[in-house]
Amino acid sequence: MAASRQVDLLEPIDLSEHLDKVQLYLGQVCQIAGISKMQLDYWTNKAQIPTKGRKQRIYDMDAVETVMLLAALTFLLIAAK
């Protein structure tokens, strides 16, 4: 039987270096933010959140961050009532 050598084929990566490449669909952003598609559509239009795609809206991480900030603010305002 041949002796086997352990070879590391995968190198560790820093995920933060690749976040700018992540793009999410409308439904995925809604799930992450805990909001409805109707709410995200409204915010996208009113806050002029940039999207890509023609038939489906695609959000980059900057847009997702904006949505998360709006969602957090909304939840805080509701809880303060």
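Those helices (runs of 4 or more DSSP H) of the chain in which at least 2 residues are out of contact with any Asp or Glu (no Cβ under 8 Å at 6 or more places or on another chain) and hydroxyl-bearing (Ser, Thr, Tyr), considering only elements entirely within it, cover 37-46, 61-80. Among residues of region 54-81 that are within 19 Å of residue 28 (Cβ to Cβ), those with a beta-carbon under 6 Å from a residue that is among the aromatic types (Phe, Trp, Tyr) and open to solvent by 100 Å² or more (accessible area, probe 1.4 Å) at least six positions away or on a different chain give the pairs 56/25. The set of residues in region 19-59 that are more than 17 Å from residue 70 (Cα to Cα) and either open to solvent by 80 Å² or more (accessible area, probe 1.4 Å) or among the aromatic types (Phe, Trp, Tyr) (or both) comprises 19, 20, 21, 23, 25, 52, 54, 55, 56.
The values are calculated or read from the model by the stated rules, or taken from the named source; none is laboratory data. All figures in this text were calculated on a predicted structure; none of them were measured in a lab. Virtual Cβ from ideal backbone geometry, glycine too; neighbours counted across all protein chains shown. Ligands, DNA and RNA are stripped out before the accessible areas are found, and what is left, the full protein with its side chains, is counted by its heavy atoms. Shrake-Rupley method; radii C 1.70, N 1.55, O 1.52, S 1.80 Å.
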